[in-house]
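The values are calculated or read from the model by the stated rules, or taken from the named source; none is laboratory data. Note that the structure is a prediction, hence the values are computed from the model and not measured. All Cβ positions, even for glycine, are placed from backbone atoms using ideal geometry, and neighbour counts span all protein chains on display. Heads up: the accessible areas ignore ligands, DNA and RNA and are worked out on the full protein's heavy atoms, side chains in. Shrake-Rupley method; radii C 1.70, N 1.55, O 1.52, S 1.80 Å.
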Amino acid sequence: MKKILVIEDEKNISSFVKMELQFEGYNVVIKEDGKSGLYEAIKESYDLILLDLMLPELNGLEVCRRLKREKDTPIIMLSARDSVMDKVTGLQTGADDYIAKPFAIEELLARIQVVFRRQGEANLKEIKIKDIKVCKDSRIVKKGDKEINLTNKEYELLLYLIENKDKVISRYSLLENIWGYDYEAETNVVDVYIRYLRNKLDSENKEEYIQTVRSVGYVMRS
């Protein structure tokens, strides 16, 4: 049984989420402020943390930042603040996903399943999507039986997209995770490398593997 920690100060939300998660077979613990939530997350072992952004004692961003120094527990951030920059900030702080309030419980459950699936795939030495196969140990990429020759950055970009398959990744997140903080947000390096990958992976359909989500980023759908 997977354990989920919910750090949420709105009791009506935390009670509802706990009831639904327990119905799905999860073991759920509730903490109502950032300070006690952070302590609980570090002290105990959890498979996932649902973390509210606006919390008493310690806000969600600070909880996420401090926790990621200690553990790599997956975090889904919950917030009524749903602007693109709010989402980008949450993801850059270390959250694995970001869902805006109010949310449908079906969406939350689906996001949780995606995080657990990615977590399992991250531990695999070989991962696949459609007919693309990546061997992490050898860094060999194949499309069907044909080996695809990628540069280091192309490989890292492809691996990150596959490990986050079915999740739309913003350009800002790709910049941070693949190129670090040295690049200005205005750079088109992400779009350039996406084009390189498409030229090597795609056939006549130029978005067969990597799809563009207008004004947001990119996604590889399974």
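Are any residues in the range 2-13 touching a Leu at 6+ places or on another chain (Cβ under 9 Å) and part of a helix (DSSP H, G or I), and if so, which ones? Of everything in the range 2-13, just one residue is touching a Leu at 6+ places or on another chain (Cβ under 9 Å) and part of a helix (DSSP H, G or I), namely 13.
Cβ separations smaller than 8 Å between residues 6+ apart or across chains give the following pairs from the range 4-23 residues that are over 13 Å from residue 102 (Cβ atoms) to residues that are among the charged types (D, E, K, R) and surrounded by fewer than 16 Cβ atoms within 10 Å (Cβ to Cβ): 5/44.
Cβ-Cβ distances below 7 Å connect the following pairs, each with a first residue in the range 68-89 that is under 19 Å from residue 8 (Cα atoms), a second residue that is open to solvent by 50 Å² or more (accessible area, probe 1.4 Å) and in a helix (DSSP H, G or I), and a separation of six or more residues or different chains: 74/119; 76/111.
The residue list 85, 77 contains one member that is at pLDDT below 95 and either surrounded by fewer than 18 Cβ atoms within 10 Å (Cβ to Cβ) or polar (S, T, N, Q) (or both), which is 85.
Here is a yes/no grid of residues against (1) within 29 Å of residue 112 (Cβ to Cβ); (2) modelled with pLDDT of 85 or more:
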site	(1), (2)
139	no, yes
163	yes, yes
177	yes, no
183	no, no
188	no, no
206	no, no
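Residue 47 meets all of the listed conditions (1) in contact (Cβ under 8 Å) with a residue 24 or more places away in the chain; (2) open to solvent by 60 Å² or more (accessible area, probe 1.4 Å) but one, namely (2). For the range 120-147, filtering for residues that are within 21 Å of the chain's Cα centre (by Cα), open to solvent by less than 70 Å² (accessible area, probe 1.4 Å) and in contact (Cβ under 8 Å) with a residue 40 or more places away in the chain leaves 4. Yes or no: the range 99-119 includes at least one residue that is open to solvent by less than 20 Å² (accessible area, probe 1.4 Å), not in a helix (DSSP H, G or I) and not polar (S, T, N, Q). Yes, the conditions are met somewhere in the range 99-119.
Restricting the range 14-39 to residues that are of a type in the set (Val, Ile, Thr) and touching a Lys or Arg at 6+ places or on another chain (Cβ under 9 Å), which is least open to solvent (accessible area, probe 1.4 Å)? Taking the candidates together, the pick is 28.
Pairing residues of the range 148-170 that are aromatic (Phe, Trp, Tyr) with residues that are modelled with pLDDT of 90 or more, at Cβ distances under 7 Å and at least 6 apart in sequence or on separate chains, gives 155/141. The residue of the range 68-85 that is nearest to residue 114 (Cα to Cα), among those that are within 15 Å of the chain's Cα centre (by Cα) and charged (D, E, K, R), is 72.
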